[in-house]
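Participant: The structure's right below; bear with me while I get my questions together.
The values are calculated or read from the model by the stated rules, or taken from the named source; none is laboratory data. A quick note: this is a predicted structure, and the numbers were derived from the prediction, not measured. As a convention, Cβ positions derive from the backbone with ideal geometry for all residues, glycine included, and neighbour counts pool all protein chains shown. For the accessible areas, the whole protein counts, side chains as well, though only heavy atoms, and no ligand, DNA or RNA atoms are used. Shrake-Rupley method; radii C 1.70, N 1.55, O 1.52, S 1.80 Å.
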Amino acid sequence: MPNRSLAAGAFLALAASAPAAGQTLTTTLPPITVTAQKQPEDPQNLPVSVTAVVSETLTADALRTVSEAGWFAPNTFFNEFTARKLSNPRIRGIGASPTNPGVTSYIDGVPQLNANSSSIEFLDVGQVEFVRGPQSALFGRNALGGVINIISARPSLQKWSGSVIAPYGNFNGGDVRGATSGPLIADTLAAGLAFGYAGREGFTRNDVTGHDLDSRSAFFGKGQLLWKPSMRWEARAMFSGERARDGDYALNDLGSLRSRPFHAARDVEGFTHRDILAPTIQVAYAGPSIDFATTTGFLKWKTDDLTDLDYTPLPLVTRTNAEEDFQFTEEARISSAKAAPVVLSDRVTMKWQAGVFVFTQNYTQDAINTYSPFVLSPFVSAPVSQHSPKSALDDHGLGIYGQGTFTVARRLDLLVGARGDFESKQADLNTFFIPTIAPAVAVKTGKDFSDVSPQFAAGYRFTPGAAVYGTVARGFKAGGFNAASPAGAEAYGQEHSWNYEGGVKTSAFADRLTANFAAFYIDWQDLQVNVPNPLVPAQFFIANAAGARSTGVEAEVHARPDPGLDLFGGAGFAHARFASGSTSNGVRVGGNRLANTPSYTADFGVQYTRPLRGDLSLMARAEAVCYGDYEYDDPNTAGQSAYTLTNLRAAIRARHTFGELWVRNAFDARYVPVAFPYPGLAPSGFVGENGAPRTFGVRVGVSF
């Protein structure tokens, strides 16, 4: 059976490009390979729920960030602001603060230990994988909800190729992305180079000045070298960077956003800047019986923000925030050769892998709230600067893992694996006022954390096109320290979960139809929640609640009844609730819904490709992305009702060129995807941001 993706979205756009001269459209679904378990595999043979969105989908649907790719992954929701650094993925209800994510993103094998660096502009990306459910047995800390793998396209060792794609739309939205790769020495050395720029005017108007607030602008690039000195050895070096110079947050009172969307009124118009540099080196050896691979990652990012913290026309309080992070990661892994499993008997073979992972992370933050005279007290007649925090967090750790898969009679797979993690954290936390109107608070402390995460799974293939699986896995999220928090809440403890999942994976009608289903139950303890600091506006800290439960189902279906016609759909339903006796920030929340967890997610649509004359073809595509209602906060005092985003595209494509008309959010759905409590300054008690309005435009591209 050929490899197939579980993603409806991944299949969809493989037909988006017109067939080259001499090619014909096929009726079978295309083969896909995933690395959800660190080794390349057919996802239909893995005992996990995984959605892969491939490069053809990313290009054809103009998916520019990981949250847009997440449209096609059931029970996946991104709680993110328009500012690109604040992106927090949630899977099946599991998430947390960006500083300690519950779902970890890997970019070319390098974990983003702080989610501030995970939402990057896509450039020369070959595939994005959403692996749902605890992956701690292989990936360790902070994979309790799942893993997102972002994988760059490989440079070609055979011939040079490239493309340039440029859309333009309303809000003066301009974008250009180009990439080229090819051999420097045939079959031995190849290079790749990609570049991009994306910018637009803001969606939100400041009624005080008449300016737009939330403009976005970024340059980004990527360079690669691929060296293959022999059939068995390979080395790959990648260097990527991004420089974003964006406008302010679009935050405003929640009630005002709903009565007058995309309007705000403030006396200060700030900015949100971010820089990322990320070199990565991969080395791999494919032996006759043992494979070996290493991934070395360096990551440096920094951000600078300025915003009007009261979000009113009054000159009350502003905030500047400077963050900087450097991380180093190294992973070495050995495994049985893909084509040479260990033969234990006539009926039993075994595949195995083992590895070691080490990391260091150094993070600093200096956030300054500047209060105007008399704001803090009628007796304070001068401006006051509050450093909350000026802190440094240092972290280093070690993980060791192993996994074995025993195959009996070529039909039954039995998997067992475990990982042990250890890390040591140090914190230097400072909060103080200038001038000194209150005593400074300084905390210098440290703590070690360790854990073991097992996994057990079984899968059975009835036929080449029908399989069932079941898995039991323990998830682990590290404890740590808050850069800023109320006194006594500087530290938070580890979070654990047990996940029970069963599923069915099928293929029928000569690979024209795939249908996959899964059901899950999650029970986790010492749940980490991200809650607002009642003493400092727009500041959050992590605390432990008692526990939670999440149950749900997921389904993904794709059909290709005709060579040019694709029908797809996916859906996920999650019932996620706090356990009895749970508290969040001192408030009892037992039985409440987990924040930012839609009751359902769904995507469905159709794409039709019709050959015209010669190299020309016509492509039309329509898709709907749906989210159920959800709550903004743990006490469930405010939330967002269900909404649907409808996207449309129509294109004429030739051998090396295409032209396209597109529209996103075609029916201009109005929604507020993210909001948080803001008592005192916001009349409704919450501030938030509107979701993107209807956008439309044209897109052209050339390739060689």
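Participant: Which of the listed residues, H387, I368, V356, is farthest toward the dipole's positive end in the range 324-397, when Lys, Arg count +1 and Asp, Glu count -1 at the beta-carbon?
Facilitator: Comparing the listed Cα positions along the dipole, V356 ranks first.
Participant: How much area per residue is accessible in the range 432-566 when the probe is 1.4 Å and only protein heavy atoms are counted (Å²)?
Facilitator: On the way: 5480 Å² over 135 residues.
I get 41 Å² per residue for this part.
Participant: Ok, one more. Check which residues have an amide H placed less than 5 Å from E689's amide H, if you skip close sequence neighbours.
Facilitator: Distant-sequence amide H within range of E689: V674.
Participant: Toward the positive end of the charge dipole of the chain, about the Cα centre and with charges on Cβ (Lys, Arg +1; Asp, Glu -1), which of Q327, A555, T609 goes farthest?
Facilitator: T609
Participant: Tell me, what is a quarter of the convex hull surface for the C-alpha atoms of the range 640-703, in nm² with one decimal? Spell out each step's value before the answer.
Facilitator: Numbers: hull surface 24.4 nm².
Over every viewing direction, the Cα hull of the range 640-703 projects on average to 6.1 nm².
Participant: How large is the charge dipole for the chain, taken about the Cα centre, if only the Cβ atoms of Lys, Arg (+1) and Asp, Glu (-1) carry charge, to the nearest 20 debye?
Facilitator: Dipole about the Cα centre, nearest 20: 1680 debye.
Participant: Right, here's the next one. Evaluate E = 1/(1 + (r/R0)^6) for E324 and A440, where r is the Cβ-Cβ distance and R0 equals 22 Å; express this FRET efficiency to the nearest 0.05.
Facilitator: Working: r = 22 Å, r/R0 = 1.01.
Efficiency at R0 = 22 Å is approximately 0.50.
Participant: Okay, moving on. Can you run phi through the Karplus equation (6.51, -1.76, 1.60; θ = phi - 60°) for the range 293-300 and list ³J(HN,Hα) in whole Hz, with x for Gly and Pro?
Facilitator: 8, 10, 9, 10, x, 10, 9, 10
Participant: Continuing with this model, one more query. For the range 80-197, what is the convex hull volume of the alpha-carbon atoms per residue, in Å³? Write out the running numbers ahead of the final one.
Facilitator: Numbers: hull volume 14.4 nm³, N = 118.
Taking only Cα atoms, the range 80-197 has a hull volume of 122 Å³ per residue.
Participant: While we're looking at this one, here's another question. Over the Cα atoms of the range 481-611, what is the Rg over Rh ratio if Rh follows Kirkwood? Don't skip to the end; give the middle numbers.
Facilitator: Working: Rg = 21.1 Å, Rh = 17.9 Å.
For the range 481-611, the value is 1.18.
Participant: Have a look at H211, T312, T295 and report the one farthest towards the positive end of the charge dipole of the range 190-325, computed about the Cα centre with Cβ charges (Lys/Arg +1, Asp/Glu -1).
Facilitator: Going by the Cα projections, it comes out as T295.
Participant: Rounded to the nearest whole Å³, what is the per residue volume of the convex hull around the Cα atoms of the chain? Spell out each step's value before the answer.
Facilitator: Numbers: hull volume 98.1 nm³, N = 704.
Roughly 139 Å³ of hull volume per residue.
Participant: I've got another one for you. If you roll a 1.4 angstrom probe over the protein chains with everything in place, what fraction of the accessible area of the chain belongs to carbon and sulfur, to the nearest %? Please report the intermediate quantities before stating the final value.
Facilitator: Numbers: 16790 of 26720 Å².
Carbon and sulfur: 63 percent of the exposed surface of the chain.
Participant: Leaving out ligands and nucleic acids, note down the accessible area per residue over the range 150-236 with a 1.4 angstrom probe, in whole Å². The partial results should precede the final answer.
Facilitator: Values: 4160 Å² over 87 residues.
Computed with neighbouring chains in place, this is 48 Å² per residue.
Participant: Here's another thing I want to ask about it. Report the local net charge at Q327: Lys and Arg +1, Asp and Glu -1, summed over other residues whose C-beta lies under 9 Å from its C-beta. List each step's numbers first, then the result.
Facilitator: Details: positive: K300; negative: D325, D395.
That sum, taken over residues with Cβ under 9 Å, equals -1.
Participant: Could you work out [θ]222 nm for the chain from helices alone, using -39500 (n - 2.57) per DSSP H run of at least four and dividing by all its residues? Round to the nearest 500 deg cm²/dmol. Present the calculation step by step, with values, prior to reporting the outcome.
Facilitator: Details: 5 runs with 25 residues, N = 704.
Theoretical 222 nm ellipticity from helices: -500 deg cm²/dmol.
Participant: Using the structure shown, select from K85/K444; K159/K338; K390/K425; K447/K477; K425/K477; K390/K444 the pairs with a Cα to Cα distance greater than 20 angstrom. Let's see the in-between values first.
Facilitator: On the way: K85/K444 27 Å; K159/K338 27 Å; K390/K425 17 Å; K447/K477 15 Å; K425/K477 14 Å; K390/K444 12 Å.
Check vs 20 Å cut-off fails for K85/K444; K159/K338.
Participant: Past the 14 angstrom mark, what percentage of all C-alpha to C-alpha distances in the range 556-607 do you count? Don't jump to the answer; show the numbers that get you there.
Facilitator: Numbers: 859 of 1326 pairs.
Considering the range 556-607, 65 percent of its Cα-Cα pairs are separated by more than 14 Å.
Participant: Which whole-Hz ³J(HN,Hα) couplings does the range 546-558 yield from phi under the Karplus relation 6.51 cos²θ - 1.76 cosθ + 1.60, θ = phi - 60°, glycine and proline marked x?
Facilitator: Each residue's phi maps through the Karplus curve to give 5, x, 7, 9, 9, 10, x, 9, 9, 8, 9, 9, 9 Hz.
Participant: Output wanted: per-residue J couplings in Hz (rounded whole) for the range 103-118, from phi through Karplus 6.51 cos²θ - 1.76 cosθ + 1.60, θ = phi - 60°, x for Gly and Pro.
Facilitator: Per-residue couplings from phi come out as 10, 9, 8, 10, 10, 6, x, 9, x, 8, 5, 10, 5, 4, 9, 8 Hz.
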